[in-house]
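The values are calculated or read from the model by the stated rules, or taken from the named source; none is laboratory data. As the structure is a prediction and not an experimental result, all values here were calculated from the model. All Cβ positions, even for glycine, are placed from backbone atoms using ideal geometry, and neighbour counts span all protein chains on display. Just so you know, the surface numbers come from the protein's heavy atoms only, side chains and all, with ligands and any DNA or RNA stripped out. Shrake-Rupley method; radii C 1.70, N 1.55, O 1.52, S 1.80 Å.
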Amino acid sequence: FLFTASMLYSCHGGKNQLGILIIVGQREKAVKRIYTILIMIACLAGCATTNTYVDEQAISQQLRPISIALFIRGNDIGAAQLMNERLFNRLFVFSDFRPIERDKLTTIALANKINESGLSPELAREIGEKLQVDAVIVGNFMLYKTSHIQADVWDGSISIRLVRTTDFKTLWTADYSTDYAFAPFSSLVGVGTVVNYCSDAVIKSLKEHWN
């Protein structure tokens, strides 16, 4: 018995669009029992709430492109690393931004300092000097899971800001949170769904304010 299912989801304009394709086939006619296989595909429900601050004057005066170092931390190390990688790769689509590939040892040392005491003016200048960047993006990505009989429910939120390293001036900040995401059969799907949604929201905001 072959069971294949796929589900497509998109959230646009406040309307949820859901497409389901189910293909069922029979391997042998002599099979007397057909076992029911239930697969629930991860589906993000609801749109993110957002709170954004932008220093329009500082942004308009900022020389472009801006070289950027990215540091995302959170309550789940793996999810925070995934978010860091996702945002880093997507920043390349902007002509205004130049994300910097960083030396691992130096990056780890600086990340540990941020984790211990947060980003300070002194630490921002140190990051600028050691990594040769104009600004730093610092974010806190929180991931939550609630277990239910039918499925695990995942929630996520990110607080993120773009800070100039020379004078510690905040150019842009944003807060996003998902309403909820179902991930019945795989934690990887649940985490990936929340990471994708939050990273999409961050990139969309940067596009709006930096183009």
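If you stretched the chain out fully between T52 and I100, how much longer would it get, using 0.36 nm times the residue separation minus the C-alpha to C-alpha distance? Could you put the intermediate results ahead of the total?
Details: separation 48, 0.36 × 48 = 17.28 nm, distance 2.46 nm.
Additional length available on full extension: 14.8 nm.
To the nearest 0.05, how large is the calculated FRET efficiency for F168 and D76 if R₀ is 30 Å and r is the Cβ-Cβ distance? Numbers along the way, then the final one.
Numbers: r = 28 Å, r/R0 = 0.94.
In this case the efficiency is close to 0.60.
Let me know the Rg and Dmax you get for the stretch 60-196 when you use only its Cα atoms, in Å.
16.2, 54
Evaluate E = 1/(1 + (r/R0)^6) for R64 and D155, where r is the Cβ-Cβ distance and R0 equals 45 Å; express this FRET efficiency to the nearest 0.05. Could the numbers behind the result be given before it?
Working: r = 36 Å, r/R0 = 0.79.
Calculated transfer efficiency: 0.80.
Which pairs, out of K130/K207; K113/K204; K145/K207; K130/K169, put more than 25 Å between their alpha-carbon atoms?
Details: K130/K207 28 Å; K113/K204 29 Å; K145/K207 30 Å; K130/K169 19 Å.
From the list (K130/K207; K113/K204; K145/K207; K130/K169), the Cα-Cα distance tops 25 Å for K130/K207; K113/K204; K145/K207.
For the stretch 106-160, which whole percent of the accessible surface, found with a 1.4 angstrom probe, sits on carbon and sulfur atoms? Write down the numbers at each step before the final one.
Values: 1350 of 2750 Å².
Using a 1.4 Å probe with all protein chains present, the stretch 106-160 comes out at 49 percent carbon and sulfur.
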